[in-house]
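J.: Have a look at the structure that comes next, please.
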Amino acid sequence: AQKVTQAQTEISVVEKEDVTLDCVYETRDTTYYLFWYKQPPSGELVFLIRRNSFDEQNEISGRYSWNFQKSTSSFNFTITASQVVDSAVYFCALTNDYKLSFGAGTTVTVRA
Amino acid sequence: DGGITQSPKYLFRKEGQNVTLSCEQNLNHDAMYWYRQDPGQGLRLIYYSQIVNDFQKGDIAEGYSVSREKKESFPLTVTSAQKNPTAFYLCASNRLVDRGAFRNQPQHFGDGTRLSIL
(Lines give C-alpha, C1' and ligand atoms only; values in the text may rest on other atoms or scores of the structure.)
Protein backbone atom coordinates (compact mmCIF):
# COMPACT_ATOMS: atom_id res chain seq x y z
CA ALA A 1 0.00 0.00 0.00
CA GLN A 2 1.14 3.52 -0.62
CA LYS A 3 0.12 6.71 1.06
CA VAL A 4 0.84 10.41 0.72
CA THR A 5 0.35 12.82 3.60
CA GLN A 6 0.16 16.57 3.25
CA ALA A 7 -0.33 17.68 6.83
CA GLN A 8 -0.84 21.36 6.02
CA THR A 9 -4.42 21.97 4.96
CA GLU A 10 -4.11 25.71 4.32
CA ILE A 11 -1.27 28.21 4.25
CA SER A 12 -1.76 31.96 3.96
CA VAL A 13 1.15 34.30 3.26
CA VAL A 14 1.76 37.84 2.18
CA GLU A 15 3.25 38.43 -1.23
CA LYS A 16 7.05 38.01 -1.39
CA GLU A 17 7.14 35.65 1.56
CA ASP A 18 8.55 32.16 1.07
CA VAL A 19 6.25 29.20 1.60
CA THR A 20 7.19 25.55 2.07
CA LEU A 21 4.72 22.72 1.47
CA ASP A 22 5.37 19.43 3.22
CA CYS A 23 4.86 16.01 1.67
CA VAL A 24 5.52 12.72 3.43
CA TYR A 25 4.99 9.41 1.67
CA GLU A 26 4.83 5.72 2.46
CA THR A 27 5.63 2.90 0.08
CA ARG A 28 7.21 -0.55 0.24
CA ASP A 29 8.62 -0.27 -3.25
CA THR A 30 12.23 0.62 -3.97
CA THR A 31 11.36 2.13 -7.34
CA TYR A 32 8.73 4.82 -7.38
CA TYR A 33 8.03 8.29 -8.70
CA LEU A 34 6.95 11.43 -6.93
CA PHE A 35 5.08 14.35 -8.47
CA TRP A 36 3.83 17.79 -7.56
CA TYR A 37 0.78 19.26 -9.25
CA LYS A 38 -0.81 22.71 -8.99
CA GLN A 39 -4.58 23.19 -9.19
CA PRO A 40 -5.50 26.84 -9.78
CA PRO A 41 -9.10 28.04 -9.23
CA SER A 42 -9.94 27.10 -12.83
CA GLY A 43 -9.72 23.44 -11.80
CA GLU A 44 -7.24 21.71 -14.08
CA LEU A 45 -4.16 20.08 -12.57
CA VAL A 46 -0.87 21.40 -13.86
CA PHE A 47 2.19 19.17 -13.68
CA LEU A 48 5.13 20.83 -11.89
CA ILE A 49 7.80 18.19 -11.31
CA ARG A 50 8.60 14.48 -11.38
CA ARG A 51 11.29 12.81 -9.33
CA ASN A 52 12.29 9.14 -9.30
CA SER A 53 13.33 7.33 -6.16
CA PHE A 54 16.93 7.00 -7.26
CA ASP A 55 17.47 10.68 -7.81
CA GLU A 56 17.80 12.59 -4.56
CA GLN A 57 19.25 15.67 -6.15
CA ASN A 58 17.33 18.79 -5.21
CA GLU A 59 15.92 20.84 -8.04
CA ILE A 60 15.29 24.52 -8.61
CA SER A 61 13.10 25.94 -11.34
CA GLY A 62 12.74 29.69 -11.14
CA ARG A 63 11.02 30.49 -7.86
CA TYR A 64 10.20 26.83 -7.23
CA SER A 65 12.49 24.37 -5.50
CA TRP A 66 12.09 20.81 -4.31
CA ASN A 67 13.85 18.94 -1.51
CA PHE A 68 13.71 15.15 -1.78
CA GLN A 69 14.96 13.25 1.28
CA LYS A 70 14.60 9.51 1.01
CA SER A 71 15.79 8.98 4.58
CA THR A 72 12.72 10.80 5.91
CA SER A 73 10.39 9.87 3.01
CA SER A 74 9.75 13.51 2.29
CA PHE A 75 9.45 15.54 -0.89
CA ASN A 76 8.94 19.15 0.14
CA PHE A 77 8.20 22.06 -2.17
CA THR A 78 9.22 25.68 -1.61
CA ILE A 79 7.93 28.74 -3.40
CA THR A 80 10.34 31.63 -3.01
CA ALA A 81 9.12 35.24 -3.09
CA SER A 82 5.50 34.17 -3.49
CA GLN A 83 3.14 35.99 -5.84
CA VAL A 84 -0.64 36.25 -5.97
CA VAL A 85 -0.65 33.98 -9.03
CA ASP A 86 0.77 31.20 -6.84
CA SER A 87 -2.56 30.96 -5.03
CA ALA A 88 -3.80 27.43 -5.71
CA VAL A 89 -4.16 23.97 -4.26
CA TYR A 90 -0.95 21.97 -4.48
CA PHE A 91 -0.94 18.18 -4.58
CA CYS A 92 1.87 15.76 -3.94
CA ALA A 93 1.47 12.34 -5.57
CA LEU A 94 3.26 8.99 -5.62
CA THR A 95 3.23 6.11 -8.08
CA ASN A 96 5.00 2.81 -8.55
CA ASP A 97 2.83 1.62 -11.45
CA TYR A 98 -0.26 2.94 -13.19
CA LYS A 99 -1.88 4.41 -10.11
CA LEU A 100 -1.18 7.87 -8.77
CA SER A 101 -1.85 8.18 -5.03
CA PHE A 102 -2.56 11.78 -4.13
CA GLY A 103 -2.23 13.64 -0.87
CA ALA A 104 -5.22 15.68 0.30
CA GLY A 105 -3.67 18.87 -1.02
CA THR A 106 -2.52 22.14 0.55
CA THR A 107 -4.38 25.33 -0.25
CA VAL A 108 -1.98 28.26 -0.62
CA THR A 109 -3.36 31.79 -0.48
CA VAL A 110 -1.00 34.63 -1.31
CA ARG A 111 -2.29 38.06 -0.27
CA ALA A 112 -1.16 41.25 -1.96
CA ASP B 1 -2.88 22.89 -29.41
CA GLY B 2 -2.77 19.40 -27.97
CA GLY B 3 -4.68 18.72 -24.82
CA ILE B 4 -7.53 17.05 -23.01
CA THR B 5 -11.09 18.33 -23.43
CA GLN B 6 -13.75 17.52 -20.90
CA SER B 7 -17.39 18.36 -21.40
CA PRO B 8 -19.65 19.62 -20.13
CA LYS B 9 -18.07 21.92 -17.56
CA TYR B 10 -21.15 21.70 -15.32
CA LEU B 11 -23.69 18.87 -15.22
CA PHE B 12 -26.80 18.26 -13.19
CA ARG B 13 -28.28 14.86 -12.53
CA LYS B 14 -31.80 13.98 -11.52
CA GLU B 15 -32.60 11.06 -9.23
CA GLY B 16 -32.45 7.73 -11.04
CA GLN B 17 -30.73 9.20 -14.07
CA ASN B 18 -27.52 8.08 -15.76
CA VAL B 19 -25.25 10.82 -17.04
CA THR B 20 -22.17 10.63 -19.24
CA LEU B 21 -19.09 12.81 -18.94
CA SER B 22 -17.00 13.23 -22.04
CA CYS B 23 -13.19 13.13 -22.23
CA GLU B 24 -11.28 13.54 -25.49
CA GLN B 25 -7.51 13.87 -25.95
CA ASN B 26 -5.44 14.70 -29.01
CA LEU B 27 -2.08 14.02 -27.41
CA ASN B 28 -1.85 10.51 -28.89
CA HIS B 29 -1.59 9.17 -25.35
CA ASP B 30 -2.20 5.49 -24.76
CA ALA B 31 -3.44 5.53 -21.19
CA MET B 32 -6.43 7.46 -19.89
CA TYR B 33 -7.83 7.87 -16.37
CA TRP B 34 -10.87 9.14 -14.50
CA TYR B 35 -10.55 10.68 -11.04
CA ARG B 36 -13.06 11.99 -8.57
CA GLN B 37 -12.23 14.96 -6.33
CA ASP B 38 -14.24 15.80 -3.21
CA PRO B 39 -13.68 18.95 -1.12
CA GLY B 40 -10.66 18.68 1.14
CA GLN B 41 -9.59 15.40 -0.37
CA GLY B 42 -7.08 14.33 -2.93
CA LEU B 43 -8.04 12.72 -6.19
CA ARG B 44 -9.29 9.15 -6.16
CA LEU B 45 -9.05 6.85 -9.17
CA ILE B 46 -12.32 5.57 -10.64
CA TYR B 47 -11.22 3.74 -13.81
CA TYR B 48 -8.23 3.64 -16.09
CA SER B 49 -7.46 2.29 -19.55
CA GLN B 50 -4.10 1.44 -21.05
CA ILE B 51 -5.27 0.47 -24.54
CA VAL B 52 -8.37 0.55 -26.68
CA ASN B 53 -11.13 -1.87 -25.69
CA ASP B 54 -9.52 -2.53 -22.32
CA PHE B 55 -10.03 -0.81 -18.96
CA GLN B 56 -9.56 -1.56 -15.27
CA LYS B 57 -11.32 -0.57 -12.06
CA GLY B 58 -9.66 1.88 -9.74
CA ASP B 59 -10.33 2.40 -6.05
CA ILE B 60 -13.91 3.67 -6.30
CA ALA B 61 -15.43 2.11 -9.44
CA GLU B 62 -18.82 1.18 -7.94
CA GLY B 63 -21.65 3.11 -9.57
CA TYR B 64 -19.54 4.11 -12.58
CA SER B 65 -18.92 2.63 -16.02
CA VAL B 66 -16.54 3.48 -18.87
CA SER B 67 -15.76 2.52 -22.45
CA ARG B 68 -12.67 2.88 -24.62
CA GLU B 69 -13.73 2.35 -28.21
CA LYS B 70 -11.28 4.88 -29.58
CA LYS B 71 -7.79 5.82 -28.43
CA GLU B 72 -8.69 9.48 -28.05
CA SER B 73 -11.96 9.03 -26.14
CA PHE B 74 -12.74 7.71 -22.65
CA PRO B 75 -16.29 8.61 -21.56
CA LEU B 76 -17.45 8.05 -17.98
CA THR B 77 -21.04 7.20 -17.13
CA VAL B 78 -22.28 7.96 -13.63
CA THR B 79 -25.11 5.53 -13.07
CA SER B 80 -28.09 5.78 -10.74
CA ALA B 81 -26.29 3.24 -8.53
CA GLN B 82 -23.83 5.94 -7.52
CA LYS B 83 -25.67 7.40 -4.53
CA ASN B 84 -23.35 10.31 -3.88
CA PRO B 85 -22.26 11.56 -7.29
CA THR B 86 -21.78 15.23 -6.42
CA ALA B 87 -18.08 15.88 -7.04
CA PHE B 88 -15.53 17.32 -9.42
CA TYR B 89 -14.45 14.79 -12.06
CA LEU B 90 -11.08 14.97 -13.75
CA CYS B 91 -9.88 13.05 -16.77
CA ALA B 92 -6.17 12.47 -17.40
CA SER B 93 -3.90 10.77 -19.88
CA ASN B 94 -0.25 9.84 -20.30
CA ARG B 95 2.10 8.05 -22.65
CA LEU B 96 2.77 4.35 -22.49
CA VAL B 97 6.51 4.26 -23.14
CA ASP B 98 6.43 0.53 -23.02
CA ARG B 99 4.10 -1.83 -21.23
CA GLY B 100 4.57 -1.47 -17.52
CA ALA B 101 6.75 1.59 -17.85
CA PHE B 102 4.22 4.35 -18.09
CA ARG B 103 4.31 5.03 -14.37
CA ASN B 104 7.00 7.64 -14.76
CA GLN B 105 5.16 9.67 -17.37
CA PRO B 106 3.33 12.70 -15.98
CA GLN B 107 -0.40 12.58 -16.33
CA HIS B 108 -1.96 15.49 -18.18
CA PHE B 109 -5.35 16.64 -16.93
CA GLY B 110 -8.45 18.19 -18.42
CA ASP B 111 -10.34 21.14 -16.92
CA GLY B 112 -12.83 18.91 -15.14
CA THR B 113 -16.60 18.49 -14.96
CA ARG B 114 -18.54 19.54 -11.88
CA LEU B 115 -21.50 17.21 -11.30
CA SER B 116 -24.35 18.14 -8.98
CA ILE B 117 -27.66 16.59 -7.98
CA LEU B 118 -30.90 18.38 -8.83
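J.: Name the residue, out of A:Val108, A:Val89, that is part of a strand (DSSP E or B), touching a Ser or Thr at 6+ places or on another chain (Cβ under 7 Å) and within 14 Å of chain B (Cβ to nearest Cβ).
T.: Answer to the check: A:Val89.
J.: Now for a different question. On the basis of being among the basic types (Lys, Arg), touching a strand residue (DSSP E or B) at 6+ places or on another chain (Cβ under 7 Å) and at pLDDT 90 or above, does A:Lys38 make the cut? Even if it seems obvious, please write down each step before you answer.
T.: Values: among the basic types (Lys, Arg): yes; touching a strand residue (DSSP E or B) at 6+ places or on another chain (Cβ under 7 Å): yes; at pLDDT 90 or above: yes.
Spelling it out, A:Lys38 is indeed among the basic types (Lys, Arg), touching a strand residue (DSSP E or B) at 6+ places or on another chain (Cβ under 7 Å) and at pLDDT 90 or above.
J.: Also, I was wondering about something else. Of everything in region A:51-81, what is closer than 18 Å to A:Thr106 by Cα and open to solvent by 70 Å² or more (accessible area, probe 1.4 Å)? Give them in sequence order.
T.: If the condition is that a residue be closer than 18 Å to A:Thr106 by Cα and open to solvent by 70 Å² or more (accessible area, probe 1.4 Å), then no residue fits.
J.: Among the strands (runs of 3 or more DSSP E) confined wholly to region B:13-65, which include 2 or more residues that are free of Cβ contacts under 8 Å to residues at least 40 places away in the same chain? Break it down into steps so the answer makes sense when it comes.
T.: On the way: elements: B:19-25, B:31-37, B:43-51, B:54-57.
Correct list: B:43-51, B:54-57.
J.: Also, quick follow-up: Please go through (1) in contact with an Asp or Glu (Cβ under 9 Å, 6 or more places away or on another chain); (2) of a type in the set (Ser, Thr, Tyr); (3) open to solvent by less than 10 Å² (accessible area, probe 1.4 Å) for B:Thr5 and return the number of the only condition it doesn't satisfy.
T.: Result: B:Thr5 passes all but (3).
J.: Regarding B:Gln17, is this residue modelled with pLDDT of 90 or more and either open to solvent by less than 60 Å² (accessible area, probe 1.4 Å) or within 13 Å of chain A (Cβ to nearest Cβ) (or both)?
T.: Numbers: modelled with pLDDT of 90 or more: yes; either open to solvent by less than 60 Å² (accessible area, probe 1.4 Å) or within 13 Å of chain A (Cβ to nearest Cβ) (or both): no.
Taking the combined requirement at face value, the residue does not satisfy it.
J.: A further question follows. For region B:32-45, which residues satisfy the criterion of being more than 7 Å from chain A (Cβ to nearest Cβ) and crowded, with 22+ Cβ neighbours inside 10 Å? Quick ask: steps written out before the conclusion?
T.: Just the residues of region B:32-45 that are more than 7 Å from chain A (Cβ to nearest Cβ), to begin with: B:32-39, B:44.
Answer for region B:32-45, where residues must be more than 7 Å from chain A (Cβ to nearest Cβ) and crowded, with 22+ Cβ neighbours inside 10 Å: B:Met32, B:Tyr33, B:Trp34, B:Tyr35, B:Arg36, B:Gln37.
J.: When both residues are 6+ apart or on different chains and their Cβ atoms are under 6 Å apart, which pairs have a first residue that lies in region A:92-112 and is open to solvent by 50 Å² or more (accessible area, probe 1.4 Å), and a second that is part of a loop (DSSP other than H, G, I, E, B) and basic (Lys, Arg)?
T.: Qualifying pairs under 6 Å: A:Asp97/B:Arg103.
J.: Say we look at region A:21-50 and pick out the residues that are hydroxyl-bearing (Ser, Thr, Tyr) and open to solvent by less than 60 Å² (accessible area, probe 1.4 Å); which of these is nearest to the chain's Cα centre (by Cα)?
T.: Looking at residues that are hydroxyl-bearing (Ser, Thr, Tyr) and open to solvent by less than 60 Å² (accessible area, probe 1.4 Å), I get A:Tyr37.
Conditions tested, residue by residue: (1) of a type in the set (A, V, I, L, M, F, W, C); (2) in a loop (DSSP other than H, G, I, E, B).
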position	(1), (2)
A:Ser42	no, yes
A:Arg50	no, no
A:Phe54	yes, yes
A:Asn67	no, no
A:Asn76	no, no
A:Lys99	no, yes
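J.: Can you find a residue that is in a strand (DSSP E or B), loosely packed, with under 13 Cβ neighbours inside 10 Å and touching a residue at least 40 places away in the same chain (Cβ under 8 Å) anywhere in region B:101-117?
T.: Of the residues in region B:101-117, the ones in a strand (DSSP E or B) are B:108-109, B:113-117.
Next, from what is left, pick out any that are loosely packed, with under 13 Cβ neighbours inside 10 Å: B:116-117.
Narrowing further to those that are touching a residue at least 40 places away in the same chain (Cβ under 8 Å): B:116-117.
For region B:101-117, residues in a strand (DSSP E or B), loosely packed, with under 13 Cβ neighbours inside 10 Å and touching a residue at least 40 places away in the same chain (Cβ under 8 Å): present.
The values are calculated or read from the model by the stated rules, or taken from the named source; none is laboratory data. All of these numbers come straight from a predicted model, not from anything done at the bench. Note that we place each Cβ from the backbone using ideal geometry, even for glycine, and neighbour counts take in every protein chain shown. Accessible surface areas use protein heavy atoms only, side chains included; no ligands, DNA or RNA. Shrake-Rupley method; radii C 1.70, N 1.55, O 1.52, S 1.80 Å.
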